[in-house]
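Following: one structure in structure tokens, then a few remarks.
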Amino acid sequence: MLLATVIIAAGCLRAPAEEADLNFGYALDPFALASIPQYQAIVANDATMVTVENYMKWGLIHPNPSTYDFTLADQIVATAQANGQQVRGHVLVWHTQLPGWLTNGTWTRDSLLAVMEDHITTVVTHFRDNFPGVVTHWDVVNEAFNPDGSRRDTIFQQVIGDDYIEKAFAFARAADPDISLFYNDFYDDFSLAGETLLTGVPAGPGATPTQSDCAQLPKCAATQAMLTDFVARGVPIDGLGFQAHVLLGQAPDYVELADWVGPLGLEWAATELDVKVLSSLGDNSATRSAHADTFVSVLDDCLESDRCDTVILWGVGDAHSWLPGFTNGLFDYGLIYDDDYLPKLAVVKMFERLEAASVD
Ligand code: G3I
């Protein structure tokens, strides 16, 4: 038993994920990856694919107009390459973590488009040329819609207009014809409910276990309309990322939520999965059981769908999760390893589910 715990503590999900043809892994922090042996072992032994939680974002990788800093992103990509893993790039265009020179600049449509093209081309080309074949997917645009389906009022939306999204995809495709390009967003009731609990502002309907009809959810319906239009007009896009920051026991039915994606010839992926537990509930055997079931529900949906081959978790262990800091401590315990990088029940349950998939 002790030996089994030690083996699981160091990771065990990679082999069954490979057998199941699933891209599985974690969003990584370069400092933890460089300094914590348990973190390194789990990443090596669990993941077939990793992403970079923060250090490919615009403000960190392109801090000045003519300066790019690839140091920390490169460390993660180089480790993935050494481990024989693929990398999902995150993220080329997003309204958060932008540099001051961009948000405080004076722009015209043409000048901001030129800056966006330079940014996307430089970043995509850097990884294409320095790590050939390693960065296989990119989240090109992130979180462009409000809960009511209107466009989020970002600097790109304000200055460039609606077509900033398709321009971003075109720039990415021009930079690397071989990568998969995704639009990435969240549609879940608990992401929105979490915001509502924090701000008191009703956030609009989101997907739940009993309401996973995209057409009934304004934000999802708006995304469907945009991607349908993109495909009709030949805008280069390969898939839709569901972030999947899900609330304990409240994972939507992603197969249903994404049932329109396959007919468009697109893929879908769970790109930022974690399971939010109200801190007041605690991290105990009852919450760990529901937490494991919620992870398996999302994993199941991907394995069941012939249009999903990727599940990425938004961090390795609770010690490095974004959750408590970003929710004023309201939510915690989101990941499958605890603060000490010991496995929770979710690791065992996901191992069992992956093993079952690999013999299907
Ligand atoms: O880099 C600075 C560092 O120099 C400084 O010492 C430190 C002090 O707090 O802050 C560091 O920056 C932080 C950065 O994470 C890296 O740790 C930022 O303050 C912090 O805001 C940033 O948070 C990230 C957040 O995106 C930004 O909005 C979270 O870690 C990251 O998990 C989160 O990820 C997003 C996805 O990209 C998109 N989907 C939602 C998801 C969760 O919010």
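The values are calculated or read from the model by the stated rules, or taken from the named source; none is laboratory data. All figures in this text were calculated on a predicted structure; none of them were measured in a lab. Here the Cβ positions follow ideal geometry from the backbone for every residue, glycine too, while neighbour counts run over all protein chains shown. What goes into the accessible areas is simple: the full protein's heavy atoms, side chains included, and nothing from ligands, DNA or RNA. Shrake-Rupley method; radii C 1.70, N 1.55, O 1.52, S 1.80 Å.
If we count every other residue with Cβ under 14 angstrom of L342's Cβ, Lys/Arg +1 and Asp/Glu -1, where does the sum land?
Value of the local net charge: -4.
Quick one: go through the range 121-156 and flag any residue whose amide nitrogen is under 13 Å from the point 7 Å out along the Cα-to-Cβ line of A215.
none
What list of ³J(HN,Hα) values in whole Hz, one per residue of the range 135-146 in order, does the Karplus curve 6.51 cos²θ - 1.76 cosθ + 1.60 (θ = phi - 60°) give from phi, with Gly and Pro shown as x?
Rounded to whole hertz, the list is 7, 9, 9, 10, 7, 7, 10, 10, 6, 8, 10, 8.
Please report the relative contact order for the range 1-140, taking Cα pairs under 8 Å with a sequence separation of at least 6, and give it as a percent rounded to a whole number.
23
Using only Cα atoms, locate the centre of the range 34-101 and the centre of the range 292-341, then give the distance between them in Å, rounded to an integer.
So the two Cα centres are separated by 18 Å.
Compute the long axis of helix 218-233 from its Cα atoms, compare it with the longest principal axis of the Cα atoms of the chain, and write down the angle in degrees, 0 to 90, nearest 10.
60
For a quick check: with amide H placed at 1.01 Å from N, whose amide H comes under 5 Å from H62's, ignoring anything fewer than 5 positions away on the same chain?
Amide H neighbours of H62: D69.
Show the residues, 5+ positions off or on another chain, whose built amide H is closer than 5 Å to the amide H of V87.
V50, V135, T136, H137
State the extension gain, in nm to one decimal, for the chain segment bounded by W101 and A290, taking 0.36 nm per residue of separation less the distance between their alpha-carbons.
Additional length available on full extension: 63.6 nm.
Helix-derived [θ] at 222 nm for the chain: sum -39500 (n - 2.57) over DSSP H runs of at least 4, divide by residue count, nearest 500?
Computed ellipticity for the chain at 222 nm equals -13000 deg cm²/dmol.
Convert each backbone phi in the range 113-124 into a coupling constant with the Karplus relation 6.51 cos²θ - 1.76 cosθ + 1.60 (shift: θ = phi - 60°), then list the ³J(HN,Hα) values in order as whole Hz, x for Gly and Pro.
Here the 3J(HN,Hα) series is 4, 5, 5, 5, 5, 4, 4, 5, 5, 5, 5, 5 Hz.
For the Cα atoms of the chain, what angle does the longest principal axis make with the long axis of helix 285-304, in degrees from 0 to 90, nearest 10?
50
Could you look at the chain and say what percent of its accessible area is carbon and sulfur, using a 1.4 Å probe and all protein chains?
52
Counting only heavy atoms of protein chains, what accessible area per residue, in Å², does the chain have with a probe of 1.4 Å?
38
Amide H neighbours of H245 under 5 Å, counting only residues 5+ apart in sequence or on other chains, H built in-plane at 1.01 Å?
Here D274 satisfy the definition.
May I ask for the angle, rounded to the nearest 10°, between helix 37-46 and the longest principal axis of the chain, with both axes built from Cα atoms and the value confined to 0 to 90°?
The two axes meet at around 80 degrees.
Would you mind calculating the relative contact order of the range 2-359 from Cα pairs under 8 angstrom and at least 6 residues apart, reporting the percent as a whole number?
17
Among bridges DSSP assigns within the chain, what percent are antiparallel (round to 5)?
Of the beta bridges lying entirely in the chain, close to 15 percent run antiparallel.
Go through K349, K57 and list them by solvent-accessible area, largest first, probe radius 1.4 Å.
Result of the area sort, largest leading: K349, K57.
Connecting C-alpha atoms closer than 10 Å in a GNM of the chain, tell me which of L240, L313, L60 has the biggest fluctuation.
Comparing L240, L313, L60 in the GNM, the peak value goes to L60.
Enumerate the calculated ³J(HN,Hα) couplings along the range 54-67 in order (Karplus 6.51 cos²θ - 1.76 cosθ + 1.60, θ = phi - 60°), each rounded to whole Hz, writing x wherever the residue is Gly or Pro.
Values per residue, Gly and Pro as x: 9, 8, 10, 6, 3, x, 9, 9, 9, x, 10, x, 10, 10 Hz.
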